[in-house]
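Report on the structure given below.
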Amino acid sequence: MTLTEKILARASGKTHVRPGDNVWVNVDVLMTHDVCGPGTIGVFKREFGANAKIWDRKKVVIIPDHYIFTADAMSNRNVDILRDFANEQGIEYFYDVIDDPKGHWRFDAAKGNGQRQHGSHYSGVCHSSLALKGHNRPGEILFGTDSHTCQSGAFNQFATGIGNTDAGFILGTGKLLIKVPETMRFFFEGALPKGLMAKDVILHLIGEIGFDGATYRAMQFEGPGVASLTMDDRMTITNMAIEAGGKNGIFPCDQTTLDYVNARTAENGTKNTFTPADIDADQSFIYDKTFDISALEPTVACHPDPGQRKLAKEMGHVALDRAYIGSCTGGKTSDFLAFAEIVRGKTVKIDTFGVPSTTRVLEELKATQWDGKSVWNILADAGVRLTENPGCAACLGGPVDTFGRMNAPLKCISATNRNFPGRMGHKESQVFLASPYTVAASALTGKITDPREFI
Amino acid sequence: MAHSITSKVFVVRDNIDTDQIIPAQYLALVPTIAEEYEKLGSYALIGLPDDQYPEKFVPEGGMKTPYQIVIAGRNFGCGSSREHAPIALGAAGVEAVVAESFARIFFRNCVATGELYPFDSGLRLCDIVKTGDEATLDFDHDTLTVNGNTYQLKPLGDVRPVIDAGGLFNYARKSGMIAAK
Ligand code: SF4
């Protein structure tokens, strides 16, 4: 069986499953956030009763992250709905925006959205937080009310996005009926050369199979090339499985995985027992292809979908208005460090926005010193507009006062993951997806630029 | 469920993602709150680019659409997992989307909510049919008849009884999987 089949078989109490089988799986973690949480809670109460209890208060993780730093009253209300539910149900893992469990979240527009407004429990973008807070464990089943939940597959989990109704069902029962997908294998050889990042790998693969090339399927990443990829790299890759239509993306578990998971579960005191799924000698794939990742070149996905693959070096004619670094895909510490390597000591030519994915990234950027200067200040001195409020921000547009949102028909190069029309705000705006290196180089020149010119 | 519906169709092309079905700025609306559900319907497909789609899906100031059937190209509903997308269409009055193909989560959410029937046509009807054409969708035979031609759609199979029951919960109760209310 493939990795996905093995995990689904185990979670459904079967010795064997085949693609196309419908199985009831036991859920290890259900994640929800401020956009889909209130609706999920609404479904749960409507169906199981106003006084119903959730199936397991330690298996539900609630992470407000999407529409937080906005004066939109409904969005602020939605965070309060999450807090009420977490209190009522005794949910242990709720990474609230404010510290007072009886308080109300109100964004203070007068302070602006650059200056810190969150409390000490707040974490930031849900998928990054699942990893950081020790909720990702090999061999487990994780569902989330967010399409990029597939990111957690970096940790050898079966992880996929679902809607509110399915999530409401899990809240009451701890189970979900799912169809076993066919698996596509992407076999990596070589290692990334200088100037290339994991983002280039996944943009290359999506271009290869098309924006719907993995619809209903699992994407399994394997091969000797995996060893050189850090957990951050793997997360960038699995994060975007959905941009090829994939149900999930998954890596094998190795020492890199174990070191990361053991450190994070120990730090946050989360469950630290798990059984990874290892690779069988006998696997069958619907697609199987080898990729030499040392031969890749900086890659861009052009407006209007993630499958519009081009090489950065061919796109110099595209003049840009804006650059953006942030999100679950491109807002990790390693992403900002790569970006800073390029812009260090220089000045960006176009409006450039930086949003750390989590509060931990914010702390690390402030604490990391290069020649006596923090990376945070290096970025600010290069002209990057930064916010101390981690979260999804303009990655999905959001309310009009969202930090970095495109409120006009602009062209933006972005380290995020999705570029359908209107994704980052204005419906006539255009988004070009690229690695943090490529975004940084393009921010310096004002047009799409191959970052190897600056390395 | 009626055995057939006849309605004007609204035609969209490939890759209509959830941001075009219901743009992110309206996601603070909670679908399980009745007035917010109605409001979501009024914004259905408001994210379509105006130059390509001059006809409004929901008339300005209205709450419902005159089009009960949507015809689409490849990969309809790609993008986010937001259930707001099938719900917005359902709340606007859509009964079925007939697409060349669907994105997985959108398809699943149609079934789980029971909001609408996602018919796979496997055919590029979006090249043949125009917005405003009148079509009849026959649920007994899984066919769509438009402009004098009848097209066979792929049967919904396993998921049909779930949508007929009104979604995952009603179905699970009917089949005894979870306790009756
Ligand atoms: S950062 Fe963007 S892609 Fe990631 S969870 Fe937030 S909105 Fe979704």
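The values are calculated or read from the model by the stated rules, or taken from the named source; none is laboratory data. Since the structure is predicted, the reported quantities are computational estimates derived from the model, not experimental observations. Please note: Cβ atoms are built from the backbone with ideal geometry, for glycine as well, and neighbour counts cover all protein chains shown. Each accessible area value is taken on the protein alone, full model and side chains, heavy atoms only, with ligands, DNA and RNA left out. Shrake-Rupley method; radii C 1.70, N 1.55, O 1.52, S 1.80 Å.
Give the residues of the range A:169-184 that are within 30 Å of A:Glu208 (Cβ to Cβ) and not basic (Lys, Arg), sorted by residue number.
Residues satisfying the conditions are A:Ile178, A:Val180, A:Pro181, A:Glu182, A:Thr183, A:Met184.
Can you pull out the residues in the range A:223-244 that are of a type in the set (Val, Ile, Thr) and within 16 Å of the ligand (Cβ to nearest atom)?
Listed by number, the residues that qualify are A:Thr236, A:Ile237, A:Thr238, A:Ile242.
Just to be sure, is A:Lys194 within 12 Å of chain B (Cβ to nearest Cβ), more than 16 Å from the ligand (Cβ to nearest atom), basic (Lys, Arg) and more than 21 Å from the chain's Cα centre (by Cα)? Spell out the reasoning first.
Values: within 12 Å of chain B (Cβ to nearest Cβ): no; more than 16 Å from the ligand (Cβ to nearest atom): yes; basic (Lys, Arg): yes; more than 21 Å from the chain's Cα centre (by Cα): yes.
No: the conditions fail for A:Lys194.
Taking only the range A:178-232 into account, find how many residues are in a loop (DSSP other than H, G, I, E, B) and more than 29 Å from A:Asn26 (Cα to Cα). Steps first, answer last, please.
So the first thing to find is which residues in the range A:178-232 are in a loop (DSSP other than H, G, I, E, B), and the list is A:180-181, A:190-197, A:210-216, A:223, A:229-230.
Imposing the further condition that a residue be more than 29 Å from A:Asn26 (Cα to Cα) reduces the set to A:190-197, A:210-211, A:223, A:229-230.
The qualifying residues number 13.
When the residues of the range A:148-170 are filtered to those that are within 12 Å of chain B (Cβ to nearest Cβ) and part of a loop (DSSP other than H, G, I, E, B), which remaining residue is nearest to A:Thr299 (Cα to Cα)?
A:Ile162
Go through (1) within 24 Å of A:Thr165 (Cα to Cα); (2) in contact (Cβ under 8 Å) with a residue 40 or more places away in the chain; (3) more than 14 Å from chain A (Cβ to nearest Cβ); (4) surrounded by fewer than 24 Cβ atoms within 10 Å (Cβ to Cβ) one by one and return the number of the condition B:Asn170 breaks.
Evaluating B:Asn170 over (1) within 24 Å of A:Thr165 (Cα to Cα); (2) in contact (Cβ under 8 Å) with a residue 40 or more places away in the chain; (3) more than 14 Å from chain A (Cβ to nearest Cβ); (4) surrounded by fewer than 24 Cβ atoms within 10 Å (Cβ to Cβ) leaves (3) as the failure.
For the structure I just gave you, tell me whether A:Val125 is within 16 Å of the ligand (Cβ to nearest atom), surrounded by 19 or more Cβ atoms within 10 Å (Cβ to Cβ) and hydrophobic (A, V, I, L, M, F, W, C).
Working: within 16 Å of the ligand (Cβ to nearest atom): yes; surrounded by 19 or more Cβ atoms within 10 Å (Cβ to Cβ): yes; hydrophobic (A, V, I, L, M, F, W, C): yes.
When the stated conditions are applied, A:Val125 passes them.
Could you check how many residues of the range B:117-167 are part of a helix (DSSP H, G or I), open to solvent by less than 40 Å² (accessible area, probe 1.4 Å) and farther than 25 Å from A:Leu177 by Cα?
Restricting attention to the range B:117-167, the residues satisfying the condition of being part of a helix (DSSP H, G or I) are B:125-128, B:157-165.
Okay, now just the ones that are also open to solvent by less than 40 Å² (accessible area, probe 1.4 Å), so B:125-126, B:159, B:162-163, B:165.
Subset that is farther than 25 Å from A:Leu177 by Cα: B:125-126.
The number of residues fulfilling the criteria is 2.
Tell me, which residue of the range B:1-18 that is touching a Ser or Thr at 6+ places or on another chain (Cβ under 9 Å) and open to solvent by less than 10 Å² (accessible area, probe 1.4 Å) is farthest from the other protein chains (Cβ to nearest Cβ)?
Restricting to residues being touching a Ser or Thr at 6+ places or on another chain (Cβ under 9 Å) and open to solvent by less than 10 Å² (accessible area, probe 1.4 Å), the top hit is B:Ser7.
For A:Ser294, are the conditions met, namely being over 16 Å from A:Ala441 (Cα atoms), among the small types (Gly, Ala, Ser) and more than 14 Å from chain B (Cβ to nearest Cβ)?
Values: over 16 Å from A:Ala441 (Cα atoms): yes; among the small types (Gly, Ala, Ser): yes; more than 14 Å from chain B (Cβ to nearest Cβ): yes.
Against the criterion (over 16 Å from A:Ala441 (Cα atoms), among the small types (Gly, Ala, Ser) and more than 14 Å from chain B (Cβ to nearest Cβ)), A:Ser294 qualifies.
From (1) open to solvent by 50 Å² or more (accessible area, probe 1.4 Å); (2) within 16 Å of the ligand (Cβ to nearest atom); (3) not charged (D, E, K, R), pick out the condition that doesn't hold for A:Ala266.
Unmet condition: (2).
Across the range A:37-88, what is the number of residues that are open to solvent by less than 10 Å² (accessible area, probe 1.4 Å), away from chain B (no Cβ under 11 Å) and either part of a helix (DSSP H, G or I) or in contact with a helix residue (DSSP H, G or I) (Cβ under 6 Å, 6 or more places away or on another chain) (or both)?
8
Which of the following residues is within 14 Å of chain B (Cβ to nearest Cβ) and more than 15 Å from the ligand (Cβ to nearest atom): A:Thr173, A:Thr145?
Details: A:Thr145 fails: more than 15 Å from the ligand (Cβ to nearest atom).
Result: A:Thr173 is the single residue among A:Thr173, A:Thr145 that is within 14 Å of chain B (Cβ to nearest Cβ) and more than 15 Å from the ligand (Cβ to nearest atom).
Is it the case that the range B:78-89 has a residue that's more than 9 Å from chain A (Cβ to nearest Cβ) and either surrounded by fewer than 24 Cβ atoms within 10 Å (Cβ to Cβ) or assigned to a strand (DSSP E or B) (or both)?
There is no residue in the range B:78-89 that is more than 9 Å from chain A (Cβ to nearest Cβ) and either surrounded by fewer than 24 Cβ atoms within 10 Å (Cβ to Cβ) or assigned to a strand (DSSP E or B) (or both).
So which pairs qualify, if the first residue must be in the range A:41-54 and assigned by TED's automatic domain parsing to the domain that holds A:Glu88 and farther than 20 Å from B:Thr113 by Cβ, the second must be of a type in the set (Gly, Ala, Ser) and assigned to a helix (DSSP H, G or I), the Cβ gap must be under 8 Å, and the two must be at least 6 apart or on different chains?
Between residues of the range A:41-54 that are assigned by TED's automatic domain parsing to the domain that holds A:Glu88 and farther than 20 Å from B:Thr113 by Cβ and residues that are of a type in the set (Gly, Ala, Ser) and assigned to a helix (DSSP H, G or I), the close pairs are A:Ile54/A:Gly172.
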